[in-house]
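Colleague: If you scroll down you'll find the structure; I have some questions about it.
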Amino acid sequence: MNEATIQVQKLTKRFGDFTAVNNISFEVSTGEVFGFLGANGAGKTTAIRMLCGLSKPTSGWGRVAGFDITREPEMIKKNIGYMSQKFSLYDDLKVWENIRLFAGIYGVPHHTIATKTDEMLQRLGFASEKNSLVKSLPMGWKQKLAFSVAIFHKPKIVFLDEPTGGVDPLTRRQFWELIYEAATQGITVFVTTHYMDEAEYCNRVSIMVDGRIDAIGTPKQLKQQFESESIDEVFRKLARRATRKEV
Amino acid sequence: MLVFLIEKEFKQIIRHSFIPKLLIVFPVMVMLVFPWAATMEIKNISINITDLDHSTLSKKLVQKISASNYFRLTGLSSSHADAIEEIEFGNADILLEIKSGFEKQLIREGATNVSISSNAVNGAKGGLGAAYLSGILQEYTMEQLAILGIKPVPVIKTTESYLFNPMLNYKIFIIPAIITMLLTMLCGFLPALNIVGEKEAGTMEQINVTPVPKFSFILAKLIPYWIIGVIALSLCFALANLFYGLTPSGSISTIYIFAAIFLLVVSGLGLIISNYSSTLQQAMFVMFFFMMIMILISGLFTPVSSMPKWAQLITMINPLKYFIQVMRAVYLKGSGMGELTVQMVALIFFAVGANIWAVISYRKTTH
């Protein structure tokens, strides 16, 4: 196994009395596609935000891409890509302008941006939409574009928070093809989802219940461990223990 | 990196459905309408006269008053009680009662009495109305005594000359204030709505997860509004010249230098508010609150020296006060940089302070 690029020890986040993330520990190796599963409100987004340096942990310790999540969040940000569950490219900018902006912020060399943009759009079959305003694109395309922007600067790790929420099955498949393509380029993929069929595509998965990680392993291991046919079944067995209401 | 961020801000502003129009329409509207509306000159005071004398001289006096462009004769009453009723109904602002025996007394004694009562709901109007009326009466008495060949009681004659605004043109006083107000509103509100707008759109989080330095991000937000402010100021200069023939008596570059710093102050304040707000509504209300205080306690419309001591202390920390002083000094007195060092130091202090605060209050990581 490769060395760990994400290491988390006893990570906890509390908001007042509410413990959103409760003492979680895990590791993700370089080049893995790691599925971070859990019901809505289980604490996935809170955990991912701490790993990306957007939110400070209440206690515990974590390293992402070799940097401490509490003390060096800005160094982490240089080495990761992030796509949130809410579409968050600029609606009022054109496709190429969004790519150019984020490439510029991540310090992609200026003279390579234009050619790389064309290459990327070509590969996505998206060249005709280069000059469209992002708000005019259909949802599925927006998601693919957001993902492509998140990995444009060749980050070490890309964090995807519910990337396939609200898109049709065909687009979801295409999206996973993009994820695999990124993984073959050596980018570690950390993806949250609540579509359990997608979990089967991951190298390893963890399942979060009420802020804890209740299971972690390859999909095959988990199915054996919980004597289930599918990850969906594993998930349902675990989710029955949940006491926290969906939010 | 800064280039990319600034480029993005400009594209967003130019494509915005509202801001480019606002940039033209707002200065034009404000410059064409406000100077007429925001006037402190008291005209068209409604006067009601009770003439109990019914003599030639009293009729002449009535004529003289109604001929003045300060007064509008709205009625003649037959008794004091009737006249008071007119004030109560809002038909008159001021009453003049000419007692019976007015003519006789004037001819015989060279002096006479009338009584003036004014409605002081609007204090300035009531007070000034009474003063104007006394002036007219004084003038009238002199005229009549001259005709009658009676030597008037000696009085001290005053000659008045007004420095810097010889015609006492209120517009010259108010236009620099209006320009200041416009710049404050334009370059204060727009940035206040900007960052919080990105928070609502979700793009803020996408930016926060990038390695963008806080300083570059804030600077990229500041520069477009700074340029917008300079454009709006130029437009105001042109309009003031075109419609009111008003040009600064001092150097226009002095104003630009001060405006350049002042714009950084207001935009910085806008960004601070935007950083602390989580919704557009919140940013809007908070900005409005500060805007009201800054404008009312700045000497924009009312002189700072007439304010109570505590209010004068507040004006010390109001950047608007310093800029309005500069605007009036340059526009009316023709002051140069040399006379305005206090204002320069104050504005630089506010600009640096506000923008450091704006950078610090922008948090890429939440607790």
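The values are calculated or read from the model by the stated rules, or taken from the named source; none is laboratory data. Fair warning: this is a prediction, and the values are worked out from it, not measured in the lab. Cβ sites come from the backbone with ideal geometry, for glycine too, and all protein chains shown count toward neighbours.
Colleague: Being facing chain A (nearest Cβ under 7 Å) and part of a helix (DSSP H, G or I) is the filter here, so list the residues in region B:202-213 that pass it.
Modeller: Residues of region B:202-213 facing chain A (nearest Cβ under 7 Å): B:202-203, B:205-206, B:208-212.
The answer is B:Thr203, B:Glu205, B:Gln206, B:Asn208.
Colleague: Might you check whether a residue that is touching a helix residue (DSSP H, G or I) at 6+ places or on another chain (Cβ under 7 Å), among the hydrophobic types (A, V, I, L, M, F, W, C) and in the same structural domain as B:Pro176 (by TED's automatic domain parsing) occurs anywhere in region B:18-25?
Modeller: Yes, some residue in region B:18-25 is touching a helix residue (DSSP H, G or I) at 6+ places or on another chain (Cβ under 7 Å), among the hydrophobic types (A, V, I, L, M, F, W, C) and in the same structural domain as B:Pro176 (by TED's automatic domain parsing).
Colleague: Report, by residue number, each residue of region A:26-58 that is out of contact with any Asp or Glu (no Cβ under 9 Å at 6 or more places or on another chain), farther than 25 Å from A:Gly186 by Cβ and surrounded by fewer than 18 Cβ atoms within 10 Å (Cβ to Cβ).
Modeller: A:Lys56, A:Thr58
Colleague: Would you mind finding the one in B:Leu242, B:Leu263, B:Leu233 that is in a helix (DSSP H, G or I), away from chain A (no Cβ under 14 Å) and at pLDDT below 95?
Modeller: B:Leu242
Colleague: Among residues belonging to region B:32-88 that are under 19 Å from B:Gly127 (Cβ atoms) and among the basic types (Lys, Arg), point out the one that is surrounded by the fewest Cβ atoms within 10 Å (Cβ to Cβ).
Modeller: B:Lys43
Colleague: Being assigned to a helix (DSSP H, G or I) and among the polar types (S, T, N, Q) is the filter; apply it to region B:328-367 and report the residue that is nearest to the other protein chains (Cβ to nearest Cβ).
Modeller: Start the filter on region B:328-367 by keeping residues that are assigned to a helix (DSSP H, G or I), which leaves B:328-333, B:337-361.
In the following step, the residues that additionally are among the polar types (S, T, N, Q) were identified as B:341, B:343, B:355, B:361.
Working: B:Thr341: 40, B:Gln343: 38, B:Asn355: 20, B:Ser361: 17 Å.
Ranking the qualifying residues of region B:328-367, first place goes to B:Ser361.
Residue-by-condition table, conditions (1) buried (at least 22 other Cβ atoms within 10 Å of the Cβ); (2) over 30 Å from A:Met50 (Cα atoms):
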| site | (1), (2) |
| --- | --- |
| B:Tyr170 | no, yes |
| B:Leu183 | yes, yes |
| B:Ala192 | yes, no |
| B:Glu198 | no, no |
| B:Val212 | yes, no |
| B:Ile227 | no, yes |
| B:Val230 | no, yes |
| B:Ser234 | no, yes |
| B:Ala240 | yes, yes |
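Colleague: Has region A:42-54 got any residue that is charged (D, E, K, R) and under 15 Å from the mean Cα position of the chain (by Cα)?
Modeller: Yes, there is a match, as at least one residue in region A:42-54 is charged (D, E, K, R) and under 15 Å from the mean Cα position of the chain (by Cα).
Colleague: Scan region A:36-68 for residues that are without any contact (Cβ under 8 Å) to a residue 40 or more places away in the chain, in contact with a helix residue (DSSP H, G or I) (Cβ under 8 Å, 6 or more places away or on another chain) and hydrophobic (A, V, I, L, M, F, W, C) and jot them down.
Modeller: Correct list: A:Leu54, A:Phe67.
Colleague: Just the residues that are facing chain B (nearest Cβ under 7 Å) and aromatic (Phe, Trp, Tyr), please, taken from region A:88-101.
Modeller: A:Tyr90
Colleague: Among the listed residues A:Trp176, A:Trp141, A:Trp96, identify the single one that is at pLDDT 95 or above and of a type outside the set (A, V, I, L, M).
Modeller: Testing whether each residue is at pLDDT 95 or above and of a type outside the set (A, V, I, L, M) leaves just A:Trp96.
Colleague: Hey, another quick one. Does at least one position in region A:146-166 carry a residue that is within 14 Å of chain B (Cβ to nearest Cβ) and touching a Cys at 6+ places or on another chain (Cβ under 7 Å)?
Modeller: Within region A:146-166 (the criterion being within 14 Å of chain B (Cβ to nearest Cβ) and touching a Cys at 6+ places or on another chain (Cβ under 7 Å)), the answer is yes, since at least one residue qualifies.
Colleague: A further question follows. Need at least 1 residues that are within 31 Å of the chain's Cα centre (by Cα), more than 14 Å from chain A (Cβ to nearest Cβ) and free of Cβ contacts under 8 Å to residues at least 40 places away in the same chain per element, so show me which helices (runs of 4 or more DSSP H) inside region B:1-79 make the cut, counting only ones lying wholly within it. First the steps, then the outcome.
Modeller: Working: elements: B:2-15, B:19-37, B:56-67.
By residue number, B:19-37, B:56-67.
Colleague: For residues in region B:2-49 being among the aliphatic types (A, V, I, L, M) and modelled with pLDDT under 85, which is nearest to B:Leu300 (Cα to Cα)?
Modeller: So, considering only residues that are among the aliphatic types (A, V, I, L, M) and modelled with pLDDT under 85, the one nearest to B:Leu300 (Cα to Cα) is B:Ala38.
Listed here are the residues, each with its yes/no results for (1) surrounded by 18 or more Cβ atoms within 10 Å (Cβ to Cβ); (2) more than 24 Å from A:Arg173 (Cβ to Cβ); (3) not hydroxyl-bearing (Ser, Thr, Tyr).
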{"position": "A:Ser206", "(1), (2), (3)": "yes, no, no"}
{"position": "A:Gly217", "(1), (2), (3)": "no, yes, yes"}
{"position": "A:Val234", "(1), (2), (3)": "yes, no, yes"}
{"position": "A:Leu238", "(1), (2), (3)": "yes, yes, yes"}
{"position": "A:Arg241", "(1), (2), (3)": "no, yes, yes"}
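Colleague: Looking only at residues in region B:112-166 that are among the β-branched types (Val, Ile, Thr) and within 25 Å of B:Leu52 (Cβ to Cβ), which one is farthest from the chain's Cα centre (by Cα)? Let's see the steps before the verdict.
Modeller: Step one: of region B:112-166, the residues among the β-branched types (Val, Ile, Thr) are B:112, B:114, B:116, B:121, B:136, B:141, B:147, B:150, B:153, B:155-156, B:158-159.
Next, only the ones that are within 25 Å of B:Leu52 (Cβ to Cβ) stay: B:112, B:114, B:116, B:136, B:141, B:147, B:150, B:153.
Values: B:Thr112: 41, B:Val114: 37, B:Ile116: 31, B:Ile136: 29, B:Thr141: 38, B:Ile147: 45, B:Ile150: 47, B:Val153: 42 Å.
By that ranking, first place goes to B:Ile150.
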